[in-house]
1. Condition first: farther than 11 Å from Ile36 by Cα and among the small types (Gly, Ala, Ser). Now tell me which residues in the range 88-115 satisfy that.
2. Do we find that Glu47 is part of a helix (DSSP H, G or I), at pLDDT 90 or above and surrounded by 15 or more Cβ atoms within 10 Å (Cβ to Cβ) in this structure?
3. From the residues in the range 16-37 that are within 30 Å of His185 (Cα to Cα) and free of Cβ contacts under 8 Å to residues at least 60 places away in the same chain, which one is most open to solvent (accessible area, probe 1.4 Å)?
4. Please enumerate the residues belonging to the range 7-44 that are β-branched (Val, Ile, Thr) and either within 24 Å of the chain's Cα centre (by Cα) or modelled with pLDDT of 85 or more (or both).
5. Which numbered condition in (1) touching a Lys or Arg at 6+ places or on another chain (Cβ under 9 Å); (2) in contact (Cβ under 8 Å) with a residue 24 or more places away in the chain; (3) of a type in the set (D, E, K, R) is the only one that Glu79 fails?
6. At least 2 residues that are open to solvent by 50 Å² or more (accessible area, probe 1.4 Å) and over 30 Å from Asn153 (Cα atoms) in each: list the strands (runs of 3 or more DSSP E) lying fully within the range 180-294 that qualify.
7. May I ask you to list pairs of residues, at least six apart or on different chains, whose Cβ atoms are under 8 Å apart, with the first in the range 46-61 being in contact (Cβ under 8 Å) with a residue 12 or more places away in the chain and the second being open to solvent by 50 Å² or more (accessible area, probe 1.4 Å) and part of a helix (DSSP H, G or I)?
8. How about the range 169-210: which of its residues are in contact with a strand residue (DSSP E or B) (Cβ under 8 Å, 6 or more places away or on another chain), charged (D, E, K, R) and without any contact (Cβ under 8 Å) to a residue 60 or more places away in the chain?
Amino acid sequence: MEALDRVVKPKTKRAKRFLEKREPKLNENTKNAMLIKGGNANLTVTEVLKDIYAVKKPFAVLYKKKNITRPFEDQTSLEFFSKKSDCSLFLFGSHNKKRPNNLIIGRMFDYHVLDMIELGIEKFVSLKDIKNSKCPEGTKPMLIFAGDVFDVNEEYKRLKSLLIDFFRGPTVPSIRLAGLEYVLHFTAVDGKIYMRSYKVLLKKSGCKIPRIELEEMGPSLDLVMRRTHLASDDLFKLSLKQPKGLKPKKKKNISHDALGTTYGQIHMQKQDLSKLQTRKMKGLRKRPAEKSAEDGGASPKKSKSA
């Protein structure tokens, strides 16, 4: 049995807190990513990993030492690092004659590789090369995907899902306008994927709504898809399964339309209109003759005279 697989009882409070953080939760923690450098990574791949790490911080771990591994042939080392650093996302960079400037992006499920897609770098512009102001660390990006192939091709669909998982950042309860300052744009056209990073500038427009301009800040990548390792439909469906505690309880007699309007159905007993209390008016009072007819023909009593 491996050291990471055996049952460990904490001996200190610090170890107990560490194990509690890794326990399964209804609302999972923000997914962390590990960035690993292969045994023959060149300068371009190293700079790409550093820039992606700068974009992902603080939800990323960068391994600076070279690791001799081939993810498509042997995944044990990736699974070991995933358990060690508690990361469910990874980006592996390598370089060789057959596949130059190579990136492998993937994700884990239960500390086993779920999806893995190999991308080749054709052009790269780093953060240092673009002399503009940058977004602060930990800024949650807005993700934009352009290209019909992201909705048609199965491999590109899974790549889109993987990129959203990788760059989405933490889940936030509310959004403020000033916080929307970072855009990641992915365009798929002619068999290539173009990744661009922009900073959002809010300019004066003379009204309440500001004028928006985009300023490129890097990193900028031109990518091409190479090999893929995709999970089966059953395994992918299992990875998306949510616990019962997160599923909203169904409420009776309540429905919603496509626009989100809530409709409720109320059940009431049949109302007897003869007992309905109405406003008493002189014009609606019954005459003495009508009262006597209802009472069975008895003559009304005469009022005593003084």
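The values are calculated or read from the model by the stated rules, or taken from the named source; none is laboratory data. Everything numeric here is computed off the predicted structure, so don't read it as measured data. Don't worry about glycine lacking a Cβ; one is built from the backbone with ideal geometry, like all the others, and counts go over all protein chains shown. For accessibility, only protein heavy atoms count, side chains too; no ligands or nucleic acids. Shrake-Rupley method; radii C 1.70, N 1.55, O 1.52, S 1.80 Å.
1. Ser88, Gly106
2. Spelling it out, Glu47 is indeed part of a helix (DSSP H, G or I), at pLDDT 90 or above and surrounded by 15 or more Cβ atoms within 10 Å (Cβ to Cβ).
3. Within the range 16-37, the match that is most open to solvent (accessible area, probe 1.4 Å) is Glu28.
4. If the condition is that a residue be β-branched (Val, Ile, Thr) and either within 24 Å of the chain's Cα centre (by Cα) or modelled with pLDDT of 85 or more (or both), then Thr12, Thr30, Ile36, Thr44 are the ones that fit.
5. (1) is the only condition that Glu79 fails.
6. Of the strands (runs of 3 or more DSSP E) lying wholly inside the range 180-294, those with at least 2 residues that are open to solvent by 50 Å² or more (accessible area, probe 1.4 Å) and over 30 Å from Asn153 (Cα atoms) span 192-203, 211-216, 254-256, 262-264.
7. Ala60/Tyr53
8. Hits for the range 169-210 are Glu181, Arg196, Lys203, Lys204.
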